[in-house]
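The values are calculated or read from the model by the stated rules, or taken from the named source; none is laboratory data. Since the structure is predicted, the reported quantities are computational estimates derived from the model, not experimental observations. Here the Cβ is made from the backbone with ideal geometry for all residues, glycine too, and neighbour counts use every protein chain on show. Please note that ligands, DNA and RNA were not included when accessible areas were found on the heavy atoms of the full protein model with its side chains. Shrake-Rupley method; radii C 1.70, N 1.55, O 1.52, S 1.80 Å.
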Amino acid sequence: MELLQKIGTNSVEVEYAGGGATPAERARYNDYLTREDEKEVDQQVPGIIYSSPVLTMHNRISFPGGIQKDVIVLGVDAQYKNIRNLVATDGRFFDDIDDTEHIRCAVVTTIFAKERYGSTDAAIGPHIRDSGIPFTIIGVFKESVNDFGQSEIQDETVLVPIR
């Protein structure tokens, strides 16, 4: 029961796929959830402790030496680490200040750090480029509990501030 509670028996995920019955209507009448929508839900639903948007992108990231790698980039906010029970093994997670100040920082999985840089501590400090934008790796993380594949986090995942 303790393991299940760590995974998130009290977690709710909200996803909006767009309105309309046909693909043309969905494209025309698409009305995405916004940060304002998130704030309204946080205020109106009692008991919400943490919330975070998640913007998933499958990108090709450039590394020094001309190496490119397909990875999952998740745009999230600082509370995401609490929602997914993530632990920083090296460095730190980005915080609300990094997000609001538009600091171009990233945290990567331990597997990503070891495969790309040889170790988790060697991954702290280097830049990676996503869509031509440089991000400094400030932390390495892992999930503190096995989620049985129920998370959007994969071996090659990079987390960046949503803004």
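For the range 115-123, does any single residue satisfy the condition of being at pLDDT below 95, open to solvent by 30 Å² or more (accessible area, probe 1.4 Å), within 16 Å of residue 155 (Cα to Cα) and within 13 Å of the chain's Cα centre (by Cα)? No, because not a single residue in the range 115-123 is at pLDDT below 95, open to solvent by 30 Å² or more (accessible area, probe 1.4 Å), within 16 Å of residue 155 (Cα to Cα) and within 13 Å of the chain's Cα centre (by Cα). Within the range 92-103, residues that are part of a loop (DSSP other than H, G, I, E, B) have Cβ atoms under 7 Å from residues that are surrounded by 16 or more Cβ atoms within 10 Å (Cβ to Cβ) and among the small types (Gly, Ala, Ser) in these pairs: 92/139; 93/78; 93/139; 94/78; 95/78, counting only partners at least 6 apart in sequence or on another chain. Based on what the data block shows, is residue 130 within 22 Å of residue 155 (Cα to Cα), of a type outside the set (Val, Ile, Thr) and open to solvent by 80 Å² or more (accessible area, probe 1.4 Å)? Judged against the criteria, residue 130 is not a match.
Output the residues belonging to the range 57-103 that are open to solvent by 50 Å² or more (accessible area, probe 1.4 Å), acidic (Asp, Glu) and closer than 19 Å to residue 155 by Cβ. Once the filter is applied, which keeps residues that are open to solvent by 50 Å² or more (accessible area, probe 1.4 Å), acidic (Asp, Glu) and closer than 19 Å to residue 155 by Cβ, the range 57-103 yields only 70. Within the range 106-129, residues that are basic (Lys, Arg) sit with their Cβ atoms under 7 Å from residues that are open to solvent by less than 70 Å² (accessible area, probe 1.4 Å), at 6+ positions apart or across chains, in these pairs: 114/120; 116/63; 116/123; 129/61; 129/62.
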